[in-house]
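Undergrad: Sharing a structure below in structure tokens format, with a few things to ask.
The values are calculated or read from the model by the stated rules, or taken from the named source; none is laboratory data. Here the structure is a predicted model, which is why all the values come from computation and not from measurement. Ideal geometry is used to build each Cβ from the backbone, glycine not excepted, and the neighbour counts take in all protein chains shown. Ligands, DNA and RNA are stripped out before the accessible areas are found, and what is left, the full protein with its side chains, is counted by its heavy atoms. Shrake-Rupley method; radii C 1.70, N 1.55, O 1.52, S 1.80 Å.
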Amino acid sequence: MVELILTYILFLPLLGAVLVWIAPGEKAARVISLITMLAGLALGLVLWLGFDPASADMQFAEVRLEWFTLAGAPIVYQLGVDGISLLLVELTVLLGPVVILSSWSAVTDRVKEYHIFMLILQTGMLGALMALDLFLFYIFWELMLIPMYFLIGAWGGPRRVYAAIKFFLFTMAGSVLMLLAIIFLAYQPVVGSGGATGIEGFDIVALTANLTSTPLKGNIQLLLFAAFALAFAIKVPMFPFHTWLPDAHVEAPTAGSVILAGVLLKMGTYGFIRFAMPLFPYAAVKAVPVISVLALIGIIYGALVSMVQEDVKKLVAYSSVSHLGFVMLGMFALTSTGVQGSLLQMVNHGLSTGALFLLVGIIYERRHTRLISEFGGLSKVMPLFAVFFMIVTLSSVGLPGLNGFVGEFLILAGTFTAKHAHSKYYAVVAATGVIFAACYMLWMFQRVMFGPITKAQNRELKDLNGREVLYLGIILVFIVWIGVYPSTFLSRSQATVDRFIEQVEKGRALTQSSIDSQKTHAEAGGPAGRTER
Amino acid sequence: MISFTAIEYWGIFTPLLLGLLVLGGLVLDMSLWKDRPRSLGVFTLAGVLAILFLQAVLQTFRLNAAAQPGIGFGGEYYFDMFAAFFNYIFLIAAAVTVLMSLTHYAGREDHRGEHYLLLLIATIGMCLMAAANDFLMLFLGIETMSIPVYILAGGERRNVKSNEASIKYLLLGAFASAILLYGMALVYGATGSINYSDIKEAVPGIMGGKDVALYMTFLFGALMVVAGLSFKVAAVPFHMWTPDVYEGAPTPVTAYMATGVKAAAFAGLLRLLIYGFTPLWSQGTLYQALYVMAILTMTLGNFVAIAQKNLKRMLAYSSIAHAGYILVGLTALAASSQYARLLPGTAGEMAMFSRGLSASSAVLFYLLGYTFMNLGAFGVIILVGREKAEGDTLNGFAGLARRRPALAAVMAICMFSLAGVPPFVGFAAKFYIFQSAISCRLYILAIIGVLNSVVSAYYYLRVLVVMYMEEEKVPMAGGAPLVSGAAAANALMAAVVVLMGVFPQPVLNLIDKVFSREMMDLIMH
């Protein structure tokens, strides 16, 4: 049973989708989806308890099914989790029931289809996080697009069609070049033991090990890294590829926004840490200045743009650009502290921003507007809502004691102590982003919640009901837990992160030395290492 | 008295039975049945399915046992797994087209029995093209295929557009045939033979010889033959007829042209490249011609498709674009010859062989997958066309998902597959094509290809937008429920598009048999 747990987690939502399809009515569709997601959460708990924090290897990866062979390369169905993916998988299964609950009364049109797409999306995200085969990963990576496209396009706001197409085309444009890079990489010739020649193949674990001990040539690494990085940077999204995000977020239905912010964006950062960096370590280190500066621009730019938004949802959307900048900065600090912080911040952002979108959705459902100017003094009529909103706002701002602080602190500390040039300046500039965050979030909170009630309609607003308290409460528990005792989560990823940094450093050093030796032997013309590439 | 050998009987098994079916149909059509066209359609469908089944059975028992492929009729006709594979495509396309025609023409006064017989005759021509091993057979096949299709395109006699399509296709088709014939004549003049194997033997002498005029004659002729076939494939710059003919022709015929005719033309081209023009691969001109044609075809097809409001016209440009992707595979095939020079001795030949093999296999896989997704898409257009005015425009499709969710789902699957999104077969096919391009170091071509598929996603997605995200604009005419053969065929096509994308191994195994050791020998010697 435990060997197959990842397979269960992966296909349970798909099974749920089939059941919803044949379910008799709308109510049944909702209940089935909720039960499926809750079962997924339960399996996630089993996974969490069964996970061995001391090991840096892929776990629960016993199942290996040859799927098909294309042009000599076997494509294998193989799943696994390590410290890096575990946290994100848990985040995904946690948000599953939350989004179903959140759309209980918000979605009334084509309920069945809505839930089917939600469940397929869940499978796509989990598959991309757990796949141990590059081809399999790519399938799930693209599979996520289809349901999200429909969720935005069919259940979204007024400009939903534009937003949906933009979302789809941006993501696809990035990923097709990654596809070519994957093909190029997988069909690279490799000299195995005993002089037997083969190809690299799609196995992620083997690829990572191979490319760490015998890295590709430097300039090839740079090209392939660029192709991977473009796909992931669009997904994160990093400045200047972020323009699809505000559109998609604003137009998407609440649950879509939650999933988009909570998990889909993390696919980009996950892609960097799982693929782009360990496979092309030399290029990753070379790219540190570029990525860091873009991350900094994202942090400051996102914050500044948030400040002037009139629409709460748009404000939260732009704040994502800022927060994800932190994640990228910490990851490319290439220190244990920085990467750990960045991993934790991925989860934090999923929880805090997810909760913010839920809260915005709740208020939108009651008032059918999200303009800040339409509100004011809500804390008087909706005290419970105000409490939740405040805690989440503070978590997003980075108040000590809540989750945001831990992540940002680790990232800043990790960046400050990083080995690369100017890292201290990066940390200093990024720290100003924290202040900006306080500005736009608290200012927005003040305008929405405090002051006199200016609009008559706002006097009649109902406070949170039990269902809403329930799903917000789930998130709140983790917001406080991570803020108070982050070790529960950090300890799970420590071993994997340590090895990740070791791998990148080793791969970089090997590439560098082969480049150096080639420079010295340039005239001798002796092809060193893998000149065949 | 002409006598056939056993192997020749086996070889012409499929076209022969199709011919008998035509004769049977002629007799039936003259007998006094009620609702004759419809009965004839059902008869044809049953016949084609029976032939499909028989071929599958006999193939399994015979060709697996005797690995030796049959060359018959004085070396004109080559019956092997390659031909058999394409026969499957033709028969499937024909069967689905018959089903679609039954729905499309149901109750119309221009429903004629000839429609089905002409369809069968065209299929015979296709089978001949896939098996042709010399220019004569190739030309016979092309004409046997084309002339019925010219007539079929004008099947809606009272529709001006249909008439225009027929005339246009006939005139430009005749023009292409002339180019093809002229090219064949030049090649014959240079090599002294119209047989592929003889040409292949003669070419190195011509290429290595001192007679430049002879060499140029041959090269020019070879390129004209390729150009003539490119017309049927609808590759840029030989594509001008496609949009008008696809839009004007009755939709089942359009579907047949986009799948069967295209596959047949590619079969002819591929066979010619592998079995006849092999020495030309390394020469450069052919490779460059294919390279440029691939880029132009993909790019023009996709960009012009964006502007289309009529779905048949959009699919016409989309079919041009897909011809471009397939041409990428053919370019990779030609480019694989560089490995014979790059690496010494057997290693080079092995490298060339494995790359050429994967390129040809990719083309076959693509053609099969493309057949299914295109037939599915056209099937939906026919069914919507039965229920609504403007059924073949984006307006007509608006709001379809609410009224006919299953139909919209089939269309969505086909559109995603055509755009190359996993897990559908279009993705696996594109992956295979671009894999072969990259393994032959055609990086720029591959990059242009994948960027093109992003462009194509835009117009395929627009169909989804109108179906799922807009309200109905044109009211439904008939309220009759959609339980017809065409609907079943649609569901089947969608299922195959999903299954072949998720489990491609059986098809890959079949293609492995197509290019067996025997092809390796042919290429290398």
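Undergrad: Treat the protein assembly as shown as a sphere of radius equal to its Kirkwood radius over Cα pairs and apply Stokes-Einstein at 10 °C in a medium of 1.306 mPa s; give the translational diffusion coefficient in µm²/s, rounded to a whole number.
TA: Estimated via Stokes-Einstein, D reaches 52 µm²/s.
Undergrad: A follow-up question, please. How much of the accessible area of the range A:287-484, in percent, comes from carbon and sulfur atoms when a 1.4 Å probe is used?
TA: 72 percent
Undergrad: In addition: Once you have a ≥ b ≥ c as the square roots of the Cα gyration tensor eigenvalues for the range B:90-132, tell me rounded if a/c is under 1.5, and otherwise prolate or oblate according to whether a/b is larger than b/c.
TA: In terms of gyration-tensor shape, oblate.
Undergrad: I want to check a number: in the range A:287-484, how many lysine pairs have alpha carbons closer than 28 Å, given a sequence separation of 8 or more or different chains?
TA: Close lysine pairs under the 28 Å cut-off: 8.
Undergrad: Within 10 Å of each candidate Cβ there may be at most 13 other Cβ atoms; applying that plus a DSSP loop requirement, which GluC sites (Glu not before Pro) in the range B:374-480 survive?
TA: The qualifying sites are B:Glu471.
Undergrad: Please quote Rg/Rh for chain A to two decimal places, taking the Kirkwood radius as Rh and restricting both calculations to Cα atoms.
TA: That ratio is 0.98, to two decimals.
Undergrad: Below 8 Å between Cα atoms, with a sequence gap of 6+, how large is the relative contact order for chain A in percent?
TA: 16 percent
Undergrad: Below 23 Å, Cα to Cα, which lysines can A:Lys217 reach? Residues fewer than 8 away in the same chain don't count.
TA: A:Lys286, A:Lys506, A:Lys519
Undergrad: Compute the acute angle (0 to 90°) between the alpha-carbon long axis of helix A:336-367 and the principal axis of greatest extent of the alpha-carbon atoms of chain A; round to the nearest 10°.
TA: 30 degrees
Undergrad: Relative to the Cα centre, what is the charge dipole magnitude of the range A:287-484, using +1 at the beta carbon of each Lys and Arg, -1 at the beta carbon of each Asp and Glu, and rounding to the nearest 20 debye?
TA: 160 debye
Undergrad: If I take every Cα pair under 8 Å that is 6 or more residues apart in chain B, average their sequence separation and divide by the length, what percent do I get for the relative contact order?
TA: 14 percent
Undergrad: Could you give each residue of the range B:89-102 its phi-based ³J(HN,Hα) in whole Hz, using Karplus coefficients 6.51, -1.76, 1.60 with θ = phi - 60°, and x for Gly or Pro?
TA: Once rounded to whole Hz, the list reads 4, 4, 5, 4, 4, 5, 4, 5, 5, 4, 4, 5, 5, 4.
Undergrad: Next question. Note the angle between two axes, namely the Cα long axis of helix B:505-514 and the longest principal axis of the Cα atoms of chain B, as a number of degrees from 0 to 90, rounded to the nearest 10.
TA: With rounding to tens, the tilt is 40 degrees.
Undergrad: Add -39500 (n - 2.57) for each DSSP H run of 4 or more in chain B, then divide by its residues: what number comes out at 222 nm, to the nearest 500 deg cm²/dmol?
TA: Roughly -25000 deg cm²/dmol at 222 nm, from the helical runs in chain B.
Undergrad: On a 0 to 90° scale, report how tilted helix B:311-335 is relative to the longest principal axis of chain B, with both axes built from alpha carbons and the result rounded to the nearest 10.
TA: 20 degrees
Undergrad: Please give the calculated 222 nm ellipticity per residue for chain A, where each DSSP H segment of at least 4 residues contributes -39500 (n - 2.57) and the sum is spread over every residue; nearest 500 deg cm²/dmol?
TA: So the helix-based figure for chain A works out to -23500 deg cm²/dmol.
Undergrad: With a 1.4 Å probe, what is the total accessible area buried between chains A and B, in Å² rounded to the nearest 100?
TA: 3300 Å²
Undergrad: What percent do you get for the relative contact order of the range A:287-484 when only Cα pairs under 8 Å and 6+ apart count?
TA: Here the relative contact order equals 29 percent.
Undergrad: Another question about this same structure. Anything over 31 Å Cα to Cα? Flag those among B:Lys161/B:Lys430; A:Lys112/B:Lys161; A:Lys266/B:Lys473; A:Lys235/B:Lys513; B:Lys200/B:Lys262; B:Lys309/B:Lys430, in the order listed.
TA: As for pairs spanning more than 31 Å Cα to Cα, those are B:Lys161/B:Lys430; A:Lys112/B:Lys161; A:Lys266/B:Lys473; A:Lys235/B:Lys513.
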